[in-house]
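I'd like to ask you about the structure that follows.
The values are calculated or read from the model by the stated rules, or taken from the named source; none is laboratory data. Values in this document were obtained by computation on a predicted structure and should not be read as measured data. Glycine also receives a Cβ, built like all others from the backbone with ideal geometry; neighbour counts cover every protein chain displayed.
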Amino acid sequence: MRSFGRRRFLKGMGAAALLPVLPAFSKDAGISAGKVGAHRVMSCNIRVPLDEDETKGMGWSVRKAICLKMIKDQRPDIVGLQEVLKVQADDLRSYLSSYQLFGFEGPEMDPHPTGYYGIAKNPILFSRDRYELLTGGTYWLSETPLVAGSKSWDTARARHANWVRLREKKTGKEIRMINLHLDHISAEAKVRQAKMVVAESAQYPPEYTQLLTGDFNSRFDSNVFEPVRNGGWKESYETIHGEKEAGFTGHEFQGTAYEKGPSKGRIDYIWYRGKAKPVNAEIIKDSINGKYPSDHFFMQTDFVIE
């Protein structure tokens, strides 16, 4: 990591755990399936709310109900979200009230309060009925990971990772979840950001269950994933369906009719290491009345913890 050594990085991570935890929210019975032995995990890039999307009939005011209903109907246990701004975080808390949203609150370092060039957050949503939050934190994918909004390696925007450690209340089994959104322009930034996350997660024993969700802005055969695979991580959809192109996930609100999709490929992933074992994985391509919840398809994997 150039001038920022691994020892200094890992030491700094202890401070990240001191970031504030969001308060618990009111209970909404029936949202979490509470499945014994299986943990349903989703990765959802929900697209920031943009005025230009509103003029095209694809803005958050139109998509909100569709997006929230689609997530709820899948009955997930844990969700890694990308491209979340404050209005969306508020809607998620209100609609999915039996879940806790972690990783949005923090210093508002964003110089662009509206629009696509702002610093969208990557919060993690999890069932409060099923899990106890042990700890969690945020670090920025730069050479100064504890400086909010910091950028390195010609990254187009400030990028960060959120993480939580959860304990399943019924079994006592622990899961660590990391959620991120890599840069979309700089090839060097994507590789270095991925290496950072792999180095940070390597603090934990190989058998400790960790999940990694996010929009990696990279095809499955990209060199971005070399450090991830070499770090002991496996991708859940590949485990179930084979290590090959799974089809596109970004679709510019056109869904399965997106003509450019095959040339772009999948960019959303759910990785795992440790005692997690995927038993089902799919790309959610549903729409409601021809409207899609986002310009991305959502990823979903069911895990058992061995």
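Identify the single condition in (1) within 24 Å of ALA281 (Cα to Cα); (2) touching a residue at least 12 places away in the same chain (Cβ under 8 Å) that ARG229 does not satisfy, given that it satisfies every other one.
Status for ARG229: all satisfied but (2).
Based on what the data block shows, is PHE225 farther than 18 Å from GLN193 by Cβ and modelled with pLDDT of 95 or more?
no
LYS190 versus (1) in contact with a His (Cβ under 9 Å, 6 or more places away or on another chain); (2) crowded, with 22+ Cβ neighbours inside 10 Å; (3) not in a helix (DSSP H, G or I): which is the lone unmet condition?
(3)
For TYR208, state whether it is surrounded by 14 or more Cβ atoms within 10 Å (Cβ to Cβ), free of Cβ contacts under 8 Å to residues at least 12 places away in the same chain, farther than 23 Å from ARG159 by Cα and over 19 Å from the mean Cα position of the chain (by Cα).
When the stated conditions are applied, TYR208 does not pass them.
Of the residues GLY136, GLY172, GLY106, which is at pLDDT 95 or above and surrounded by fewer than 17 Cβ atoms within 10 Å (Cβ to Cβ)?
After applying the criteria, what remains is GLY172.
Which residues, taken from the range 253-306, are in contact with a helix residue (DSSP H, G or I) (Cβ under 9 Å, 6 or more places away or on another chain), in a loop (DSSP other than H, G, I, E, B) and within 16 Å of TYR237 (Cβ to Cβ)?
Within the range 253-306, ARG266, LYS285, PHE297 qualify.
I need a count of the residues in the range 252-280 that are closer than 22 Å to LEU182 by Cα and aliphatic (A, V, I, L, M).
Qualifying residue count for the region: 2.
Here's something else I'd like to know. State the number of residues belonging to the range 235-252 that are under 16 Å from the mean Cα position of the chain (by Cα) and either part of a helix (DSSP H, G or I) or among the charged types (D, E, K, R) (or both).
Adding up the residues that qualify gives 3.
Using beta carbons and a limit of 6 Å, which pairs, at least six apart or on different chains, have the first residue in the range 131-146 and assigned to a strand (DSSP E or B) and the second one surrounded by fewer than 16 Cβ atoms within 10 Å (Cβ to Cβ)?
GLU132/ARG167; GLU132/LYS169; LEU134/ARG167; THR135/ALA17; GLY137/ALA17
Let me ask you something else. If we scan the range 235-243, do we find a residue that is out of contact with any strand residue (DSSP E or B) (no Cβ under 6 Å at 6 or more places or on another chain), modelled with pLDDT of 95 or more, of a type outside the set (Val, Ile, Thr) and at negative phi? Break it down stepwise before answering.
First pass over the range 235-243, keeping only residues out of contact with any strand residue (DSSP E or B) (no Cβ under 6 Å at 6 or more places or on another chain): 238, 241-243.
With the extra rule that they be modelled with pLDDT of 95 or more, the set shrinks to 238, 241-242.
Next cut, of a type outside the set (Val, Ile, Thr) only: 238, 241-242.
Now narrow it down to the ones that are at negative phi: 238, 241.
Yes: one or more hits.
Output the number of the condition that GLY214 fails; it satisfies all remaining conditions of (1) in contact with a helix residue (DSSP H, G or I) (Cβ under 6 Å, 6 or more places away or on another chain); (2) within 25 Å of MET58 (Cβ to Cβ).
(1)
Could you count how many residues in the range 278-306 are polar (S, T, N, Q) and modelled with pLDDT under 95?
Just the residues of the range 278-306 that are polar (S, T, N, Q), to begin with: 280, 287, 289, 294, 300-301.
Restricting the remaining residues to those that are modelled with pLDDT under 95 gives 289.
Total satisfying the criteria: 1.
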